[in-house]
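Notes follow the structure.
The values are calculated or read from the model by the stated rules, or taken from the named source; none is laboratory data. Source: prediction; values computed, not measured. Heads up, the Cβs are rebuilt from the backbone with ideal geometry, glycines too, and the neighbour counts pull from every protein chain shown. Note: areas computed on protein heavy atoms with side chains; ligands, DNA, RNA excluded. Shrake-Rupley method; radii C 1.70, N 1.55, O 1.52, S 1.80 Å.
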Amino acid sequence: KQPSHSESGMCLVFNGMIYNYLELKNELTRHYIFQSKSDTEVLLASMDVWGIKCLPKLNGMFAFCAFDQESESATFARDRFGQKPLFYAFKNGRLFFASEIKALLAAGFEGRSNQKAWLEYLSKGTSDNDRETFFENIFQLGLSEVLTFKFGSAPKISQYYKLSSSTIDKTISQDAAADQLYHLLADVVNIHMRSDVPVGISLSGGFDSSALLALLNDLGHLSKSIKCLA
């Protein structure tokens with residue numbers, strides 16, 4: 001049921017999943033009366049209560065637009081590593097957005113080729129590495145970016161998360177490193193099993209998908225029906 005609305009006038013359109021929505025919900029119950037069990041409403045409440053300060057708290061894959069009717073301002077955000085897409089374009093002072101470019105083309109934007117983006121792709125093999133797309137005047141919000149837009153004003157883009165530089169800990173033993181990695185992956189697998197619909201896993205035969213399936217077994221999740229796709 002989207003767009004979702006709060007009593008204060010916040011409106012949310014959301015694509016994705018907030019994995020730690022139960023923890024956030026417990027933190028928000030003092031400030032917000034929930035009407036559903038969905039992670040969508042938890043994100044709506046997070047933006048309503050905390051504003052963009054909620055973004056570092058979110059553990060998930062997401063792209064969303066939150067519109068504050070009182071201030072007539074919109075906030076767009078994308079998850080830390082850009083798992084969920086968000087494209088946007090401007091026309092006559094209005095901002096259009098969608099999760100796919102073809103929706104913007106259907107809205108009347110011209111599908112002119114962006115020669116700069118094609119040159120980067122054909123000469124270096126790079127794509128999806130900045131706000132440019134293969135279409136002129138159609139852009140994508142970058143990973144871990146937040147865009148704020150108010151009617152009559154220029155949009156502002158900032159970054160709420162940046163991956164720290166990698167470091168090598170030469171003091172840790174191989175067994176300790178393996179144990180730490182196991183616990184991190186186990187935590188990820190456990191929280192990803194939160195779902196209102198059946199969960200499936202893609203088995204490519206590689207180490208990564210096999211390791212995830214083994215973790216599901218170790219953590220007792222294979223007692224439920226999980227669809228495996230090859």
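Which of the chymotrypsin sites (Phe, Trp or Tyr not before Pro) found in the range 56-119 are loop residues per DSSP with 14 or fewer other Cβ atoms within 10 Å of their Cβ?
Those satisfying the criteria are 81.
For residue 53 and residue 156 in one chain, what is 0.36 nm times their gap in residues minus the Cα-Cα distance, to one decimal in nm? Show your work: numbers first, answer last.
Numbers: separation 103, 0.36 × 103 = 37.08 nm, distance 1.58 nm.
The span from residue 53 to residue 156 would gain 35.5 nm if fully extended.
Using a Gaussian network model on the chain with a 10 Å cutoff between Cα atoms, which of 77, 214, 89 fluctuates the most?
Among 77, 214, 89, the largest GNM mean-square fluctuation belongs to 214.
With every protein chain kept in the model, how would you rank 218, 68, 79 by accessible area, 1.4 Å probe, largest at the top?
Final ranking, largest accessible area leading: 218, 68, 79.
Could you please state how large a percent of the accessible area of the chain is carbon and sulfur, counting protein chains only and using a 1.4 Å probe?
Reported share for carbon and sulfur atoms: 54 percent.
Take the range 137-197, drop everything but the C-alpha atoms, weight them equally and run the Debye formula without solvent; then report log10 I(q)/I(0) at 0.17, 0.24, 0.26 Å⁻¹ to two decimals.
-0.87, -1.04, -1.09
How large is the accessible surface per residue of the range 153-208, computed with a 1.4 Å probe and reported in Å² as a whole number?
84
So how tilted is helix 207-218 from the main axis of the chain? Cα-based, degrees 0 to 90, rounded to 10.
That works out to roughly 60 degrees.
Please identify which residues in the range 178-218 have an amide N closer than 14 Å to a label point set 7 Å out from the Cα of residue 230, following the Cα→Cβ vector.
Residues 202-206, 210 qualify, since their backbone N sits under 14 Å from the label point.
Mind pulling the angle between the C-alpha long axis of helix 39-50 and the longest principal axis of the chain? Nearest 10 degrees, somewhere in 0 to 90.
Helix 39-50 sits roughly 60 degrees off the main axis of the chain.
Please say if the range 177-217 is rounded, prolate or oblate, where rounded means a/c under 1.5 for a ≥ b ≥ c the square roots of the C-alpha gyration tensor eigenvalues, and otherwise the choice is prolate for a/b larger than b/c and oblate otherwise? Could you put the intermediate results ahead of the total?
Values: a/c = 3.16, a/b = 1.25, b/c = 2.54.
The shape class here is oblate.
Normalised by the residues of the range 130-230, what does the relative contact order come to in percent, with Cα pairs under 8 Å and at least six apart?
Reported as a whole number, the value is 17 percent.
Trypsin sites (Lys or Arg not before Pro), restricted to the range 135-192: which are DSSP loop and have at most 11 other Cβ atoms within 10 Å?
Qualifying residues, ordered by number: 162, 170.
Pairwise over distinct Cα atoms, reciprocal of the mean inverse distance: report the Kirkwood radius of the range 88-137 in Å, one decimal place.
When all Cα pairs of the range 88-137 are included, the Kirkwood radius is 11.7 Å.
If you build a Gaussian network model of the chain, linking Cα atoms that sit under 10 Å apart, which residue out of 112, 194, 78 swings the most?
Comparing 112, 194, 78 in a Gaussian network model of the chain, the most mobile one is 112.
What is the chain's relative contact order, in percent, from Cα pairs under 8 angstrom and six or more apart in sequence?
Taking the mean separation of contacting Cα pairs over the length of the chain, I get 14 percent.
Mean-square fluctuation check for the chain, GNM, Cα pairs under 10 Å: which of 188, 197, 13 is largest?
Ranking 188, 197, 13 by mean-square fluctuation puts 197 first.
Summing -39500 (n - 2.57) over the DSSP H runs of n ≥ 4 in the chain and dividing by its residue number, what mean residue ellipticity at 222 nm do you reach, to the nearest 500 deg cm²/dmol?
After summing the helix terms and dividing by the residues of the chain, the value is -9000 deg cm²/dmol.
Under 20 °C and 1.002 mPa s, how fast does the range 92-210 diffuse according to Stokes-Einstein, given a Kirkwood radius computed over C-alpha pairs? Answer in µm²/s, whole number.
111
Going 7 Å from the Cα of residue 71 in the Cα-to-Cβ direction, what parts of the range 10-53 have a backbone nitrogen less than 18 Å from that spot?
Within reach of a label on residue 71, which here means backbone N under 18 Å from a point 7 Å along Cα→Cβ, the range 10-53 contributes 10-13, 43-53.
So between residue 163 and residue 100, what do we pick up on full extension, going 0.36 nm a residue minus the alpha carbon distance?
Taking 0.36 nm per residue and subtracting the Cα distance, the gain is 20.1 nm.
Tell me, in nm to one decimal, what length is gained between residue 37 and residue 172 on full extension, where the rule is 0.36 nm per residue of separation less the Cα-Cα distance?
44.4 nm
Shape verdict for the chain, please, from the Cα gyration tensor: rounded (a/c under 1.5), prolate (a/b greater than b/c) or oblate.
oblate
Going by Cα centres, the range 28-103 and the range 203-226 are how many Å apart?
First find each Cα centre; the distance between them is then 32 Å.
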